[in-house]
Structures are given as C-alpha cells and as structure tokens.
1. For the chain, with a Gaussian network of springs between Cα atoms less than 10 Å apart, report the residue from 149, 63, 11 with the top mean-square fluctuation.
2. How much length, in nm to one decimal, is gained on full extension between residue 134 and residue 162, taken as 0.36 nm per residue of separation minus their Cα-Cα distance?
3. Counting only protein heavy atoms and a 1.4 Å probe, tell me what percentage of the chain's accessible area is made up of carbon and sulfur.
4. Can you pull out the GluC sites (Glu not before Pro) in the range 146-196 whose DSSP state is coil and whose Cβ has at most 14 other Cβ atoms within 10 Å?
5. Report the residue, chosen from 57, 38, 15, that carries the largest GNM mean-square fluctuation when the chain is represented by alpha-carbon nodes joined by springs under 10 Å.
6. Among 183, 75, what's the order by accessible area (1.4 angstrom probe), most exposed first?
7. For q = 0.17, 0.23, 0.30 Å⁻¹, what log10 I(q)/I(0) does the range 12-64 give under the Debye formula with an equal point scatterer on each alpha carbon and no solvent?
8. Which entry in (i) 49, 37, 33; (ii) 74, 36, 30; (iii) 48, 39, 36 matches Cα extents along the principal axes in Å derived from the coordinates of this structure?
Amino acid sequence: MALRGRPRSFDREDALDRVMKVFWEKGYECAQINDFTAAIGITPPSFYAAFGSKEQAFREAVDHYTATIGGAPLVALDKAKTIQQGIRAMLETHADKTYACSAGGCMVSVSSIQCKPENKQVKEFLKTIRQTAFERIFARCERALKDGDLPQGTDLTQMAEFYHAMLQSLSYEARDGGSRESVQSIIEMAMRAMPERVTVPA
C-alpha cells in the first residue's frame, strides 16, 4: 500500500520557491493545484498539508517574493546616498529582477491583473503590499528633501506616485516581452523627471 503525504525528501523552502514561480508565471486566478503539485512533485493532499489552501500558499509565496526578489529594489533605494542614485538603483534593480523568472514582470503586479469578486481579499492583500511600497518611496523622498537632494517645494506625493507607477509599468513591459534594453530606455526617460541634487555631496 502506497504511503500518503509528503515524501521524506520534501524541502519546504524549495517547494515554496516553486509555488512562488507558478503564481508569478500564471497569476492567482489561473494557477491551479495540479500546477503546484507538478512543480513540486507531490500529491494534492501533500500540498494542502504543507500550505493549507491555494490562498494561504499565495500569501506565503508573496511574502517570500517580497522578502527576496521583490524587496531588492526598495533596499537599493534605501541604501543609495542620494535620491537621484536611489531612484535609479530602484528602477534598474527592479528591471533586472523582472527578468529573474521566465514569466517576466513583478509577481505582485501581474497576479492582480484579474481577480474575481470572490477573491476580493486577495486583491486587497496585494493592494496593501503595493501601498507599502509607495510609502517607502515617499519616506525616502521626504528624507531626500531634508538632506538637500531635492529643491524646496518639490511635490513629494507626486514624485513618489510617479516612480511607484514606473515600477508597475516596467513590470508590464517585461511581461509583454519587452527587452531589457528597451526597459532601460524607459528608465533613462523616467530619470529625466528627477530634479538634480541641490547641494554638492560631501
């Protein structure tokens, strides 16, 4: 009689990474249980035992994505000395990461393109993550104004909204098959909207 449940060699971290890539490629609505079991190499009962449900697996996969691949652009933004360097680093890191999966694009953005009414809680979950990203960009712009990177009177909300929107635009460009070179051209155009540094770096 065959044993049921997870195999002894089951590596949950590796399985989570594979689940993340399925959601990244197919989005929340289109990803099915058989996609996950095929990617991981386990049975449906084993999948449910490990992740609970499709929605729980998705939430965990998104958390994994934002803690690793998806969070890198904002880390680059925060680490840069000036806002001009930070925004460029954020956009370029994001562009690089969007090509880390064959599907292309940002997992958070592409997963929310289609959400049925019954999956409203998933849509709200993704909205919260995007809002958090916006708030981090805004906070970095606030710091830049205090540091003298930006001229007084700069509309920080508009700036944060613009570059947050750019992240999503780059994701869709990559998802639609745009080359990394074409995405870089978009970044260069976006950087023209960034004011030059007011004070001279020490």
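1. 11
2. Working: separation 28, 0.36 × 28 = 10.08 nm, distance 0.97 nm.
Extra length available between residue 134 and residue 162 comes to 9.1 nm.
3. Values: 5550 of 10770 Å².
Result for the chain: 51 percent of the exposed heavy-atom area is carbon or sulfur.
4. On the way: sites: 161, 173, 181, 188, 196; in loops: 196.
The qualifying sites are 196.
5. 38
6. Details: 183 0, 75 65 Å².
Largest accessible area first, the list is 75, 183.
7. -0.39, -0.76, -1.42
8. Answer by label: (ii).
The values are calculated or read from the model by the stated rules, or taken from the named source; none is laboratory data. All values reported here derive from a predicted model rather than from experimental measurement. Note that we place each Cβ from the backbone using ideal geometry, even for glycine, and neighbour counts take in every protein chain shown. Quick note on the areas: whole protein, heavy atoms, side chains included, nothing else; ligands and nucleic acids left out. Shrake-Rupley method; radii C 1.70, N 1.55, O 1.52, S 1.80 Å.
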